[in-house]
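Chemist: Please find one structure pasted underneath; my questions will follow.
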Amino acid sequence: MNNSNRQPTLWRLACLLGMAFAISACAGVTPWVKPYERQNLASPTMAWSRDGLSDGYMHHVYQARESSRGSEGGSGGGCGCN
Amino acid sequence: MAVTRHHFAGALGAFLLALAAMPSQSAVLPEDRADMLYHRYTGGGVTVDGPAVLVRKKLKDKYSLSAKYYEDSVSSASIDVQTTASRYSEKRTEYGIGFDTLQDKTTYSINYTTSTENDYDAESAHLDISHDFFGDLTTASLGFSQGWDTVGKNFDDNWVDREVDRRHYRASLSQVISKDAIINLAFESIIDEGSDNRALGNPYRSVRIYDDNSDILSFANEQYPMTRNSDAWSVKARYSLEDKSVAFSEFRQFTDSWGIDAWNLQVGYLYPLTPEWLLEGRVRHYEQTAATFYSDLFSADDNLNFYARDKELSTFDNNSFGFTASYERKAPEHWYVSKGRASIMYDFFMFDYDDFRDARKQATPGTESMYSFNASVIRLLLSVWY
């Protein structure tokens, strides 16, 4: 096997080892924020978007004036603000 | 004739599709709520305003229905209009319906939207699936949208309507980091396919062509590639502080097959002044590079397949800031509604172009000063929960 073939093989092996390590590490992890500790997270002020309708309008303004699009984020899934 | 409306319209097609990409926070159905919005954009000679209404209602705590109405009234004397066309006004109306269902820890969402104006129609359908796991600390979402646009042109009997197909593929992951912090990672890939080289552009806009030898300035229709592929990823974070205020930020990077690279960063702070009053401030920076086929002034010697002079395809940046003030009150026990909120939101934008010249100036083509303009958006929102 020459060097040009060996390098991708070593790379794949390193990736597999890395993935195996990551998976084994995750297997021992348990949810670290208990349900009774989530009052701050549950506050409406922590929602990705408090007002889907008006935030959706701002995305429209940006898309009309800028070329970027996608991954805007904002309100909850299926916000109905399409 | 209108020369800016098609960027609004084209952006609308993408916008209708993009909104379904919004990340969910946990497997719950949206609240029963009605929103009434008045929106107004002014800047660069353009005024766009109108109302919007969104109503949601749950059924048996397993299903949620939504209906939306949205209206834009456009009055435009933008720089494009002033240099190559005449002032215009028009109205766009949009209707949307949605259905959400919650099954265990998975939310399924289907939305359909249709939009009409006198020279542009857009339809779109969206499917999104969102699932909570890892003790409800993690939410993974996948989505797909398909859009169908029809591009018309007023006052041109020879114009043949163009068709645009849009497809969006998206994924996002929301993760609770601590009892005070949450982040979201999102990726979205978008594919536009036009029926010919004028489908993705603006049928009203022209490029400028200058002949140095004869000192003659002429104009020609824009020619765009038939396809556009773009990728955007973003990371968002929210952090709850000791006094119940919230700091938030968002970074997004974008690239597309037209050679445009862009990024934006927003940071903000939300402060509950009293149990009823909530204040928010935010600043945002955006910048992008130009499309490879963009030029402010083409040469008569250029022999190109594609050419455009859309300032949204040029090199520019946009700095903005905004604030929100909202007042919320619970309703008396016997009322049908449980609470109400009134909000006012104001944002101010400063656009500065690096290679788009102000062609209204009397000067040799290519020597005019660079264009810039300011704009503002005001939103008045009234919401009730029931």
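Chemist: Which of the helices (runs of 4 or more DSSP H) found entirely inside chain A contain at least 3 residues meeting this: at pLDDT 65 or above and buried (at least 24 other Cβ atoms within 10 Å of the Cβ)?
Modeler: Details: elements: A:3-27, A:39-42, A:52-65.
Those helices (runs of 4 or more DSSP H) span A:52-65.
Chemist: Quick one: how many residues across the range B:199-227 are under 19 Å from B:Tyr120 (Cα atoms), assigned to a strand (DSSP E or B) and of a type outside the set (Val, Ile, Thr)?
Modeler: Just the residues of the range B:199-227 that are under 19 Å from B:Tyr120 (Cα atoms), to begin with: B:199-206, B:221-224, B:226-227.
Okay, now just the ones that are also assigned to a strand (DSSP E or B), so B:206, B:221, B:223, B:227.
Subsequent filtering for residues that are of a type outside the set (Val, Ile, Thr) retains B:206, B:221, B:223.
Number satisfying all stated conditions: 3.
Chemist: Something else about it: With the condition being of a type in the set (Lys, Arg), more than 19 Å from the chain's Cα centre (by Cα) and farther than 28 Å from B:Phe351 by Cβ, I'd like the strands (runs of 3 or more DSSP E) fully within the range B:38-148 carrying at least 1 qualifying residues.
Modeler: Numbers: elements: B:46-59, B:63-76, B:88-103, B:106-117, B:120-133.
Result: B:46-59.
Chemist: Mind telling me which of the residues B:Glu188, B:Glu163 ends up being more than 13 Å from chain A (Cβ to nearest Cβ), farther than 23 Å from B:Ser64 by Cβ and not β-branched (Val, Ile, Thr)? Full working, then the answer.
Modeler: Numbers: B:Glu188 fails: more than 13 Å from chain A (Cβ to nearest Cβ).
Of B:Glu188, B:Glu163, the one residue that is more than 13 Å from chain A (Cβ to nearest Cβ), farther than 23 Å from B:Ser64 by Cβ and not β-branched (Val, Ile, Thr) is B:Glu163.
Chemist: Answer yes or no as to whether B:Tyr336 is in contact with a Phe, Trp or Tyr (Cβ under 7 Å, 6 or more places away or on another chain) and more than 28 Å from B:Val81 (Cβ to Cβ).
Modeler: In short, yes.
Chemist: Here is a further query. For the range B:363-385, check the following and say yes or no: at least one residue is basic (Lys, Arg) and modelled with pLDDT under 95.
Modeler: So the first thing to find is which residues in the range B:363-385 are basic (Lys, Arg), and the list is B:379.
Now restrict to residues that are modelled with pLDDT under 95: none.
For the range B:363-385, residues basic (Lys, Arg) and modelled with pLDDT under 95: absent.
Chemist: While we're looking at this one, here's another question. For a quick check of your reading of the model, give me the residue pairs whose first member lies in the range B:37-66 and is under 11 Å from B:Ser376 (Cα atoms), whose second is among the small types (Gly, Ala, Ser) and not in a strand (DSSP E or B), with beta-carbon atoms closer than 7 Å and at least 6 apart or on different chains.
Modeler: Cβ pairs passing all conditions: B:Gly44/B:Ser78; B:Val46/B:Ser78.
Chemist: Mind telling me which of the residues B:Asp358, B:Asp310, B:Asp352, B:Asp296 ends up being in contact (Cβ under 8 Å) with a residue 40 or more places away in the chain, among the charged types (D, E, K, R) and within 13 Å of chain A (Cβ to nearest Cβ)?
Modeler: Criteria check complete, one pass: B:Asp310.
Chemist: On the basis of being more than 22 Å from B:Ser145 (Cα to Cα), within 22 Å of the chain's Cα centre (by Cα) and assigned to a strand (DSSP E or B), does B:Ala186 make the cut? First the steps, then the outcome.
Modeler: Working: more than 22 Å from B:Ser145 (Cα to Cα): no; within 22 Å of the chain's Cα centre (by Cα): yes; assigned to a strand (DSSP E or B): yes.
No: the conditions fail for B:Ala186.
Chemist: Among the residues of the range B:151-160 satisfying the criterion of being in contact (Cβ under 8 Å) with a residue 60 or more places away in the chain and out of contact with any Pro (no Cβ under 8 Å at 6 or more places or on another chain), which is farthest from the other protein chains (Cβ to nearest Cβ)? I'd like the intermediate steps shown before the answer.
Modeler: Restricting attention to the range B:151-160, the residues satisfying the condition of being in contact (Cβ under 8 Å) with a residue 60 or more places away in the chain are B:151, B:154-155.
Now restrict to residues that are out of contact with any Pro (no Cβ under 8 Å at 6 or more places or on another chain): B:154-155.
Details: B:Asn154: 19, B:Phe155: 22 Å.
Here the answer is B:Phe155.
Chemist: Sticking with this structure for a sec: Of the conditions (1) more than 8 Å from chain A (Cβ to nearest Cβ); (2) free of Cβ contacts under 8 Å to residues at least 24 places away in the same chain; (3) small (Gly, Ala, Ser), B:Gly147 fails just one. Which one is it?
Modeler: Condition not satisfied by B:Gly147: (2).
Chemist: When you go through (1) surrounded by fewer than 17 Cβ atoms within 10 Å (Cβ to Cβ); (2) more than 8 Å from chain A (Cβ to nearest Cβ); (3) within 24 Å of B:Asn264 (Cβ to Cβ) one by one for B:Asp243, which number turns out not to apply?
Modeler: The single condition B:Asp243 does not satisfy is (3).
Chemist: For the range B:336-386, what are the residues that are among the aliphatic types (A, V, I, L, M), in a strand (DSSP E or B) and either surrounded by fewer than 16 Cβ atoms within 10 Å (Cβ to Cβ) or under 23 Å from the mean Cα position of the chain (by Cα) (or both)?
Modeler: Here is the first cut: in the range B:336-386, the residues among the aliphatic types (A, V, I, L, M) are B:337, B:342, B:344-345, B:350, B:359, B:363, B:370, B:375, B:377-378, B:380-382, B:384.
Pick out the ones that are also in a strand (DSSP E or B) and you get B:342, B:344-345, B:350, B:370, B:375, B:377-378, B:380-382, B:384.
Scanning the range B:336-386 gives B:Ala342, B:Ile344, B:Met345, B:Met350, B:Met370, B:Ala375, B:Val377, B:Ile378, B:Leu380, B:Leu381, B:Leu382.
Chemist: Among (1) charged (D, E, K, R); (2) within 21 Å of the chain's Cα centre (by Cα); (3) buried (at least 16 other Cβ atoms within 10 Å of the Cβ), there is one condition B:Glu163 misses while meeting the rest; what is its number?
Modeler: (3)
Chemist: Just checking, which of B:Ser75, B:Ser145 is of a type in the set (Gly, Ala, Ser) and loosely packed, with under 15 Cβ neighbours inside 10 Å? Write out each step before concluding.
Modeler: Details: B:Ser145 fails: loosely packed, with under 15 Cβ neighbours inside 10 Å.
The match here is B:Ser75.
This table checks each residue for (1) modelled with pLDDT under 95; (2) small (Gly, Ala, Ser).
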{"residue": "B:Gly143", "(1), (2)": "no, yes"}
{"residue": "B:Gly147", "(1), (2)": "no, yes"}
{"residue": "B:Tyr169", "(1), (2)": "no, no"}
{"residue": "B:Ile177", "(1), (2)": "yes, no"}
{"residue": "B:Ala186", "(1), (2)": "no, yes"}
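Chemist: Taking only pairs six or more apart or across chains, which ones have beta-carbon atoms under 6 Å, a first residue in the range B:247-274 that is crowded, with 21+ Cβ neighbours inside 10 Å, and a second residue that is at pLDDT below 95?
Modeler: Hits for this filter: B:Arg252/A:Ser71; B:Leu270/A:Thr45.
The values are calculated or read from the model by the stated rules, or taken from the named source; none is laboratory data. Since the structure is predicted, the reported quantities are computational estimates derived from the model, not experimental observations. No Cβ is skipped: glycine too gets one built from the backbone with ideal geometry, and neighbour counts run over all protein chains shown.
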